[in-house]
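Quick one: this structure, given as structure tokens, is what I'll be asking you about.
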Amino acid sequence: RVQHKLRRRAMKTMRIAACLVLFQIAAGAHAVEPQLKSALERAQDNRGEIEQALKRAPKAQKSAMQFLVRYMPTHDLQTLKADYLLKNVDRAYMTWQTSPWKEHVPEPVFLNNVLPYACINEKRDEWRAEFQERFYPLVKDAKSPAEAAALLNQNIFKLLNVKYSTQRKKADQSPSESIETGLASCTGLSVLLVDACRSVGIPARFVGTPLWSNRSGNHSWVEIWDNGWHFTGAAEPTGNELNKGWFVGRASTAERDNPIHAIYAVSYKHTPTAFPMVWAPNHKDVFAVNVTDRYTQLKEELPDGFVRVMFVATKRSTQSNSPQRVRSKLSIIDPSGKQVFNGLTNDESFDANDHISVPLKLGDTYKIQVSGHDARKLTVAAEEQLVRFDN
């Protein structure tokens, strides 16, 4: 009888212990970390969709979905649906896992630079599956993310029939908006290239400066991860190489501690810095890291006493009151009578701030000839001096 009582007491103790364990497990399952809790609260009426996305994500993709929700802009938390998010995570995870360079892409880089469904504040498109199907054949034999990114930059804009133009509808176009009109600014082109890269598992991020240090305008471009970050101008391929472009000279004079003249890369994960979108200056839901130092190290070494001088030729269009840049023959003769440059100025197919530039000696006087204009004498007075020929 005593043994029977002891057995009953032991079984009761075991049941109580088991209940405590189950309670702790259940409590843990329903515990939500502060960032996810905040995100769910900000989702307001759309909270059910976000909870469904978190719940339905496959086990292997749970951490990716949580990352996406944790740092999601408030507007997206209140509008994006579970199916959209689940498709995005599934396709992103699949391309990362199957890419030839998967072992060289750390998970934090994947989460911040392959997984996100958007770059900046553009309209949210479902681009990932279509882009993956269209662009994977272009890069299937590439041996590295850098090689693949260069191939994409050389080919996708022709395939999509999208070109640079200041006549685009708006700066912050989504892929579908740029494809619909066939026109995009450097901002829209960069969004397209970033998304194309991400669609095939290449980590990529949107980069830009609010204003060049010479105050000639803003610019946007793309950085690619290949055992470190490398850059390229969207729709401005430099063959199979990265880390080249017309804007290198200007980027090298950026000022890291001046928020207007610094260079920033977008980060989906929150940082202390908002990306300075000049097209939406009050929008603070896109975050950034300051990458100025990478570019100031690229400063060009010109011969002593030489600086770069920029040239532009324009013609007033019959369709617009504003002057349009045109391709014109440009010839430059130095003081000894030697021709030191013979080429063409840039037209409207180039970025608005991309002018042909020529290294000339500070203080020297050159003879400048542009087709359709009288010859002009030019004394080089400053670095990045802009010389205009207007009709």
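Just the Cα atoms of segment 132-232: what Rg and Dmax do they give in Å?
Spelled out, the Cα radius of gyration and Dmax of segment 132-232 are 13.7, 42 Å.
Output the 0 to 90 degree angle, nearest 10, between the alpha-carbon long axis of helix 34-43 and the longest principal axis computed from the alpha carbons of the chain.
80
Taking the chain as the reference, fit the longest principal axis to its C-alpha atoms, fit the long axis of helix 47-56 to the helix C-alpha atoms, and give the angle between the two in degrees, 0 to 90, nearest 10.
The angle comes out near 80 degrees.
For N342 and V278 in the same chain, what is the full-extension length gain: residue separation times 0.36 nm, less their Cα-Cα distance, in nm?
Fully extending the segment from N342 to V278 adds 19.5 nm.
If N is the number of residues in segment 257-391, what value comes out of its Cα radius of gyration divided by 2.2 N^0.38 Å?
Numbers: Rg = 19.2 Å, N = 135, 2.2 N^0.38 = 14.2 Å.
Rg over 2.2 N^0.38 Å, computed on Cα atoms: 1.36.
Can you classify segment 194-257 as rounded, prolate or oblate using the Cα gyration tensor, where a ≥ b ≥ c are the square roots of its eigenvalues, rounded means a/c under 1.5, and otherwise it's prolate if a/b beats b/c and oblate if not?
prolate
With r as the distance between the Cβ atoms of L302 and D141 and R0 = 51 Å, compute the FRET efficiency 1/(1 + (r/R0)^6) and round to 0.05.
Computed FRET efficiency for D141 and L302 comes out at 0.85.
Further question on the same structure: 5 Å is the cut-off here: which amide hydrogens, built 1.01 Å from N in the peptide plane, fall below it relative to F287, excluding neighbours closer than 5 in sequence?
Correct list: S267, F275.
Let me ask you something else. May I ask you to compute the full-extension gain from K315 to T98, defined as 0.36 nm times their residue separation minus their alpha-carbon distance, rounded to one decimal in nm?
Separation in residues times 0.36 nm, less the Cα-Cα distance, equals 73.0 nm.
Compute the Kirkwood hydrodynamic radius of segment 35-82, taking the inverse of the mean of 1/r over all pairs of distinct Cα atoms, and give it in Å to one decimal.
Answer for segment 35-82: a Kirkwood hydrodynamic radius of 10.3 Å.
Using only the Cα atoms of segment 148-301, construct the convex hull and provide its projected area averaged over every direction, in square nanometres to one decimal.
9.2
Continuing with the same structure: Rounded, prolate or oblate: which fits segment 346-391, taking a ≥ b ≥ c as square roots of the Cα gyration tensor eigenvalues, rounded meaning a/c under 1.5, else prolate when a/b beats b/c?
On the way: a/c = 2.60, a/b = 1.28, b/c = 2.04.
In terms of gyration-tensor shape, oblate.
Per the Cauchy relation, a quarter of the hull surface: what is the mean projected area of the convex hull of the alpha carbons in segment 91-150, in nm²?
4.4
A follow-up question, please. For the chain, just the Cα atoms, rotate onto the principal axes and tell me the three extents in Å, largest first.
Here the spans come out as 121, 43, 43 Å, largest first.
Please compute one quarter of the surface area of the Cα convex hull for segment 291-332 and express it in square nanometres. If you can, show how the numbers build up before the last one.
Values: hull surface 23.6 nm².
Across all orientations, segment 291-332 yields a mean hull projection of 5.9 nm².
Give me, ordered by chain and number, the residues 5 or more places off A313 or on other chains with an amide H under 5 Å from its own placed amide H.
When sequence neighbours closer than 5 places are left aside, the close amide H contacts are V326, N346, F389.
Lys/Arg Cβ at +1, Asp/Glu Cβ at -1, dipole of the chain taken about the Cα centre: which of A184, S371, I332 is farthest positive-ward?
A184
Note the angle between two axes, namely the Cα long axis of helix 2-30 and the longest principal axis of the Cα atoms of the chain, as a number of degrees from 0 to 90, rounded to the nearest 10.
Orientation of helix 2-30: about 20 degrees from the principal axis.
Rounded to the nearest angstrom and ordered from largest down, what semi-axes does the equivalent ellipsoid of segment 105-191 get from its C-alpha gyration tensor (root of 5λ)?
After diagonalising the Cα gyration tensor, the semi-axes are 23, 17, 11 Å.
Read the figures in this text as sums done on the coordinates, not as results from a lab. Keep in mind that this is a model prediction, so the values were computed, not measured. FYI the Cβ positions are ideal-geometry reconstructions off the backbone, even for glycines, and counts take in every protein chain you see.
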